[in-house]
Amino acid sequence: MPQLSQVAATYASQIFWLLVTFGLVYFVIGKAMVPRIVATVDARDARIASDLAAAEAARAAADRTEEAWTAEMDAARAAAQAETAKAKAGAANSFAAQIKAADVALHERVAHHDVAIGNAKAEALANLQLVAAEAAQELVAKLSGRQVAIDTASEAVRRVTAHG
């Protein structure tokens, strides 16, 4: 068979060109394309690493800023609470002073009114004794027909009221 005798010559040439093509492809891809791909991957890895480092630095700065803000807020809150306590104390002291002043004024008014009531009571009692003495003088005059002096009638009324 003549086809089989040509196989060795034909396949040898095809295998040669196959090896040459694979060698060319290997060297072109291995020496030209792979270094570019590796460089791109290395650049991407470096950019990712620098981005991660920048993000970590930004996070650390944000943490420091948050801590500073928290410290400022705590200080402001403490100052506000101190100011509120101071205002409460001032208001309580002012209220206590107003209450004390009102209490003093009220006691003065009550004392003044007590004196006025005492004076009015004493005057009423004095008037009552005078009226009682006059009534006793008139009763004695009507019942016995005799005139009694106002001083004697007043003395009798004072004795009777002292016993009763």
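The values are calculated or read from the model by the stated rules, or taken from the named source; none is laboratory data. Note that the coordinates shown come from a computational prediction; the quantities given were computed from them, not determined experimentally. Calculation scope for accessible area: heavy atoms of the full protein, side chains included, ligands and nucleic acids excluded. Shrake-Rupley method; radii C 1.70, N 1.55, O 1.52, S 1.80 Å.
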Worksheet item: How are the C-alpha pair distances of segment 6-77 spread across 10 Å bins, as whole percents from the shortest bin up?
Response: 16, 17, 15, 13, 11, 9, 8, 5, 3, 1
Worksheet item: Of the accessible area of the chain, with the probe set at 1.4 angstrom, what percent is carbon plus sulfur?
Response: 66 percent
Worksheet item: Which aspartates and glutamates does LYS142 reach when only Cα atoms under 16 Å apart count, and residues fewer than 8 places away in its own chain are ignored?
Response: GLU134
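Using only alpha carbon pairs under 8 Å that are at least six residues apart, calculate the relative contact order of the chain and give it in whole percent.
Numbers: 26 pairs, mean separation 17.2, N = 164.
RCO, the chain: 10 percent.
Pop out the Kirkwood hydrodynamic radius of segment 90-138 from its pairwise C-alpha distances, inverse of mean 1/r, in Å to one decimal. Write down the numbers at each step before the final one.
Values: mean 1/r = 0.0730 Å⁻¹.
Hydrodynamic radius (Kirkwood, Cα pairs) of segment 90-138 is 13.7 Å.
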Worksheet entry | ³J(HN,Hα) computed for each position of segment 122-139 - Karplus, 6.51 cos²θ - 1.76 cosθ + 1.60, integer Hz, glycine/proline x | 5, 5, 5, 5, 5, 5, 5, 5, 5, 5, 5, 5, 5, 5, 5, 4, 5, 5
Worksheet entry | Segment LYS86-ASP103, length gained on full extension (0.36 nm per residue, minus Cα span) | 3.6 nm
Discussion item. Angle check, please: helix 150-163 long axis (alpha carbons) against the longest principal axis of the chain (alpha carbons), in degrees 0 to 90, nearest 10.
Written reply: 50 degrees
Worksheet item: Can you give the angle from 0 to 90° between the axis of helix 2-28 and the longest principal axis of the chain, with both taken from C-alpha atoms, to the nearest 10?
Response: 40 degrees
Discussion item. To check my understanding: the extent here is largest minus smallest coordinate of the Cα atoms along each principal axis. What are those three numbers for segment 57-164, in Å, largest first?
Written reply: 126, 19, 16
Worksheet item: Which of the aspartates and glutamates could a cross-linker span from LYS100 if the Cα-Cα distance has to be under 15 Å and same-chain partners fewer than 8 positions apart are dropped?
Response: GLU108
